[in-house]
Amino acid sequence: DYVVVKMIPDNRLPPRHLHSVHTGKTFAVIKWESPYDSPDQDMLYAVAVKDLVRKTDKIYKVKTRNSTVEYTIKKLEPGGKYHVIVQLGNMSKESSMKINAVPLSAPDALKVITENDHILLFWKSLALKESNFNESRGYEIHMFDSLMNISAYLGNTTENFFKVSNLKIGHNYSFTVRASCLYSGQMCGEPATLLYDELGTGEDSSASQTSRTTDVAAIVVPVLFLLLVTLGIGFVVLYMRHRRLQNSFTAFANSHYSSRLGSAIFSSGDDLGDEDDEAPMITGFSDDVPMVIA
């Protein structure tokens, strides 16, 4: 025997398994499950988004019968912090979570140009790659002196360059440039960092390293080219000498060729000399032969 029991749904339960699926600069995708399995009717959810920086609230309504609900929260501020609350429309128990929006990217191509008594920082505009950035927001520049272990805020600018003066000789500096922070130093962009060594020559460490690399390349490349040219000339000289020796040997062999024997005849060094050497040598006189003296 068996019996089927159907439980009465409890609409006072909170949504289950609330979590973030994906977070961007201006949106966030959240997901949750219904308070109980297989709802038999549409369920109305209230999604409250609290801006923890601006101290504002927004409420969105979601009506669905699905057991799993996915919702996209739009119009977020890059780098913002939010508290999300999801509950049924009858103000039942709630589920909550926090979301941090992705901040704006760091400025690209941060570099330094050294002048007589100051330096100039340059970077590319964030508006080139960030559609949510307005140049009127500007950039803020910070500096860190590693020798003195001191950080300093240098200022804000709406331009793509900034002048820095009164640098001390022998000190190492780190400069950071980022989109200006909003609302009491929050909602800041990602910083771009540049290391700079003030050694009295006014050279940036990264720039000097790049210049040193360029100088080394300027020296090594011509040397390698000269070596290759020298090796090429050496191979050509050796080849010409080889050809000359081969031609000389061929001419010498042809001059000593015997058509009767069908081969070339060479004499050793011992055979060289006057033709009189080929005459028989006088070894002595016999006692039977009288000596006649004229």
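We did not get these values from a lab; they are worked out from the coordinates using the rules stated. Predicted model, so just to flag it, every value in this text is computed and none were measured. All Cβ positions, even for glycine, are placed from backbone atoms using ideal geometry, and neighbour counts span all protein chains on display.
Take every Cα pair under 8 Å in the stretch 108-197 that's 6+ residues apart, average their separations, divide by the length, and report that relative contact order as a whole percent.
Once divided by the residue count of the stretch 108-197, the mean separation gives 27 percent.
Can you compute the FRET efficiency between LEU13 and ASP57 using 1/(1 + (r/R0)^6), with r the Cβ-Cβ distance and R0 = 25 Å? Round to the nearest 0.05.
Working from the Cβ atoms, E equals 0.60.
Going 7 Å from the Cα of PHE122 in the Cα-to-Cβ direction, what parts of the stretch 145-166 have a backbone nitrogen less than 16 Å from that spot?
The answer is 159-164.
Can you compute 3J(HN,Hα) from phi for each residue in the stretch 39-53, using the Karplus curve 6.51 cos²θ - 1.76 cosθ + 1.60 with θ = phi - 60°, rounded to whole Hz and x for Gly and Pro?
x, 9, 7, 5, 10, 9, 10, 10, 10, 9, 10, 9, 7, 6, 8
For GLU130 and MET91 in one chain, what is 0.36 nm times their gap in residues minus the Cα-Cα distance, to one decimal in nm?
Going from the current span to full extension adds 10.1 nm.
Can you work out the Karplus-derived ³J(HN,Hα) for every residue in the stretch 236-244? Use 6.51 cos²θ - 1.76 cosθ + 1.60 with θ = phi - 60°, whole Hz, and x for glycine or proline.
5, 5, 4, 5, 5, 5, 4, 5, 5
What's the extension gain from LEU195 to GLN246 if we count 0.36 nm per residue and subtract their Cα-Cα distance?
11.9 nm
Would you give the gap between the C-alpha center of the stretch 148-162 and the C-alpha center of the stretch 13-78, rounded to a whole Å?
Comparing the Cα centres of the stretch 148-162 and the stretch 13-78, I get a distance of 40 Å.
Any idea what the dipole of the stretch 123-162 comes to, in debye rounded to 20, about its Cα centre with Lys/Arg Cβ at +1 and Asp/Glu Cβ at -1?
Once rounded to the nearest 20, the dipole reads 120 debye.
If we sort 221-233, 88-100 on the protection proxy, mean other Cβ atoms within 10 Å, highest first, what's the order?
Descending mean neighbour count gives 88-100, 221-233.
Which whole-number value in Å³ per residue fits the convex hull of the alpha carbons of the stretch 1-156?
In the stretch 1-156, the Cα hull volume divided by residue count equals 188 Å³.
Need the list of lysines near LYS6 for cross-linking: C-alpha distance under 25 angstrom, and skip anything on the same chain fewer than eight residues off.
Within reach: LYS63, LYS93.
Test of understanding: what is the full-extension gain from ASP1 to PHE161, defined as 0.36 nm times their sequence separation minus their Cα-Cα distance?
Full-extension gain reported as 49.2 nm.
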